[in-house]
Amino acid sequence: MQEILDAIQSGASADDIANLPLPDSYRAAHVLKAEQDMWKGTPSKEKDPRQSIHVGEVPTPELAPDEVYLAVMASSINFNTVWTSIFEPISTFGALSRLARESSWAQRHDLPYHVVGSDASGVVLRVGSAVRNWKPGDRVTVHCNHVDDQDPTAHNDSMMAANQRIWGYETNFGGLADLAVVKANSLMPKPEHLTWEEAAVNALCNSTSYRMLVSKNGAAMKQGDVVLIWGATGGIGAYATQYVLNGGGIPVCVVSSPDKAQILRNMGVEHIIDRAAADYHFFDENGVHDETEWRRLGKDIRNLCGEDPDIVFEHPGRSTFGASMYVVKRGGTVVTCAATSGFMMEFDNRHFWMRLKRLVGSHFANYKEAWEANRLIQKGMIHPVMSQVFALEQTGEAAYQVHHNMHEGKIGVLCLAPEEGLGVTNPELRAKVGDKLHAFRR
Ligand code: NAP
């Protein structure tokens, strides 16, 4: 891989890059099928990604006609890598073997190891024979929607495709590695004013938040909407906060520490709830919902901004869902993409139907939505929310920190990039965007 890195660093031509020899194996963060039952019966928080994520050489797979080999300069930790590493709610090896049943090319994915990672920035090394829009040497980021374009169900909104998958989670050969295999219809131009690691942290969370809030497939936020954002400095919440501020909405941001609240104030957020200080107990000691606590949250929101939320940006799941469904305005929308604290959720349907509320399920983003979200990053209108950068060898530690909510925003991971700060080709835009690039940096 050193020869590939040297060529990229020296600005080699597309032809030179296309002629570089590819290695037989490459360094990758992966989990092992042989270890998928290692924690049966262990509570989630005791399952340690530092034990299950290994970094080592894996063989280079063949390239299908609609794919590219990507030299991965940087990647990021997403919560889905935490899920894979603790084998919850299910082991991802099941997804790999289901994928393998679809075609002879798909069979490559069913291996005793799973190379994880659903974000990447890097350089295209080779393109398959059916790839039209990309060529060796292109500097790209990757969105993680893995779509079979021969499936008719993929041709209205590709997130509705019957066999839609998330690259690096439900497929093999993901981005936490020096090399990745990526479908050509997952590529997007790398924002020129960003470093490799800044460019790598956005696509998954930024696109998810774009669909949830901006897209007509989500809550389709309009100017003046009050939006309650749980985990407002977390991966998806930090992009959601930017979308509400940019779109003329009124964010009411929930976080769990004064430091996180300060990040939000620096971003221009006025209405902030520290849920640790507020000490909400949405369940009583018997695990039964306590409506008086839902009402207390609602009152806190009204005290801050004078109204109930038009939209709730929901993802913690079990611990907050009942409250979210209660506090959203009559006719308002709860949009949800996750259930970090538990996926069996309860709410009081009387408040839901009598107040004509809406619940929208949302999952990642289609190519168009991901492209639009990337375009806003390219234009310097939405910014990366990277707080820390780890080396690929430290992937387990980085995932551990996300698992235990010890981070803010996104954690970047250096793959081939030998150090931070490389890859910027538009320093003018970078200077114009200025400190906003560092709002989350520790
Ligand atoms: P993250 O970086 O860990 O942020 C989550 C935030 O949620 C934390 O910063 C925390 O903020 C808050 N939180 C955690 N537990 C909570 C609880 N019990 N009650 C209230 N707030 C809580 O994770 P992320 O990347 O934003 O992802 C969040 C969830 O969305 C994960 O489950 C992930 O798998 C899912 N996700 C789904 C999709 C999709 O396409 N469906 C895409 C991206 C992410 P405070 O402690 O500051 O309140």
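The values are calculated or read from the model by the stated rules, or taken from the named source; none is laboratory data. All values derive from a computational prediction rather than experimental measurement. Backbone-built Cβ (ideal geometry, glycine too); neighbour counts: all protein chains shown. In case anyone asks, the SASA skips ligands and DNA or RNA and just uses the protein heavy atoms, side chains included. Shrake-Rupley method; radii C 1.70, N 1.55, O 1.52, S 1.80 Å.
Show the residues, 5+ positions off or on another chain, whose built amide H is closer than 5 Å to the amide H of Lys357.
When sequence neighbours closer than 5 places are left aside, the close amide H contacts are Gly331.
For labels at Asn156 and Asn349 in the simple 7 Å Cα→Cβ model, what's the distance in nm?
Between Asn156 and Asn349, the simple spin-label model gives 2.6 nm.
Among all the lysines, which ones have a C-alpha under 21 Å from Lys216's C-alpha, if same-chain residues fewer than 8 places away are not counted?
By straight Cα distance, Lys216 reaches Lys329, Lys357, Lys368.
Give the angle, between 0 and 90 degrees and rounded to the nearest 10, that separates the Cα long axis of helix 235-246 from the longest principal axis of the Cα atoms of the chain.
Helix 235-246 and the main axis of the chain meet at about 70 degrees.
Tell me the angle of helix 203-213 to the major Cα principal axis of the chain, expressed in degrees between 0 and 90 and rounded to the nearest ten.
The angle comes out at about 30 degrees.
Would you mind checking Lys222/Lys260; Lys45/Lys410; Lys379/Lys436; Lys40/Lys410 for any pair whose Cα atoms are more than 18 angstrom apart?
Listed pairs above 18 Å: Lys222/Lys260; Lys45/Lys410; Lys40/Lys410.
Return the FRET efficiency for the residue pair Ser104, Asn19: r is the Cβ-Cβ distance, R0 is 30 Å, and the value is rounded to the nearest 0.05.
With a Förster radius of 30 Å, E is 0.60.
Using only the Cα atoms of region 219-361, construct the convex hull and provide its projected area averaged over every direction, in square nanometres to one decimal.
The number I arrive at for region 219-361 is 7.9 nm².
Using a probe of 1.4 angstrom, how much of the accessible area of the chain is carbon and sulfur, in percent?
Carbon plus sulfur share of accessible area: 50 percent.
Any idea how far the Cα center of region 344-379 sits from the one of region 194-223, in Å?
A separation of 12 Å, based on Cα centres.
Largest first, what is the accessible-area ranking of Phe390, Phe352 with a 1.4 Å probe?
Phe352, Phe390
Can you give the accessible area of Ile273, probe radius 1.4 Å, in Å² rounded to 10?
My reading of the accessible area for Ile273 is about 10 Å².
Nearest 500 deg cm²/dmol is fine: what mean residue ellipticity at 222 nm does the chain get from its DSSP H runs of n ≥ 4 alone, each adding -39,500 (n - 2.57), divided by its residue count?
That calculation yields -8000 deg cm²/dmol at 222 nm.
Across region 296-308, in residue order, what do the Karplus-derived ³J(HN,Hα) couplings come to in whole Hz, using 6.51 cos²θ - 1.76 cosθ + 1.60 with θ = phi - 60° and x for Gly and Pro?
Karplus-based 3J(HN,Hα) across region 296-308 equals 5, 4, x, 5, 4, 5, 4, 4, 6, 10, x, 8, 8 Hz.
Got a sec to turn the phi values of region 383-393 into Karplus ³J(HN,Hα) couplings, 6.51 cos²θ - 1.76 cosθ + 1.60 with θ = phi - 60°, whole Hz, x for Gly and Pro?
10, x, 10, 6, 9, 9, 10, 10, 7, 3, 4
Please list log₁₀ I(q)/I(0) at q = 0.06, 0.09 Å⁻¹ for the chain, using the Debye equation with identical point scatterers on the alpha-carbon positions.
-0.24, -0.55
Please identify, among His114, His30, His363, the residue showing maximal mean-square fluctuation in a Gaussian network model of the chain using a 10 angstrom Cα cutoff.
With Cα springs under 10 Å in the chain, the top fluctuation among His114, His30, His363 is at His363.
Just the accessible area per residue of region 243-352, please: how many Å² with a 1.4 Å probe?
That works out to 47 Å² for each residue.
Between helix 367-378 and the chain, what is the angle of the helix's C-alpha long axis to the longest principal axis, kept within 0 to 90° and rounded to the nearest 10?
So the helix axis and the longest Cα principal axis differ by about 90 degrees.
Where the centre of each part is set by its Cα atoms, how far does region 395-425 sit from region 265-294, in angstrom?
29
Per residue of region 13-26, in order, report the coupling 6.51 cos²θ - 1.76 cosθ + 1.60 (Karplus, θ = phi - 60°) as ³J(HN,Hα) in whole Hz, putting x for Gly and Pro.
6, 4, 5, 4, 5, 5, 8, 5, x, 9, x, 6, 9, 8
Among rounded, prolate and oblate, which fits region 381-429 when a ≥ b ≥ c are the square roots of the eigenvalues of its C-alpha gyration tensor, a/c under 1.5 means rounded, and a/b larger than b/c means prolate?
It is oblate, given that a/c is not under 1.5 and a/b is not larger than b/c.
At 1.4 Å probe size, put Trp196, Trp83, Trp39 in order of accessible surface, largest to smallest.
Of Trp196, Trp83, Trp39, the descending order of accessible area is Trp83, Trp39, Trp196.
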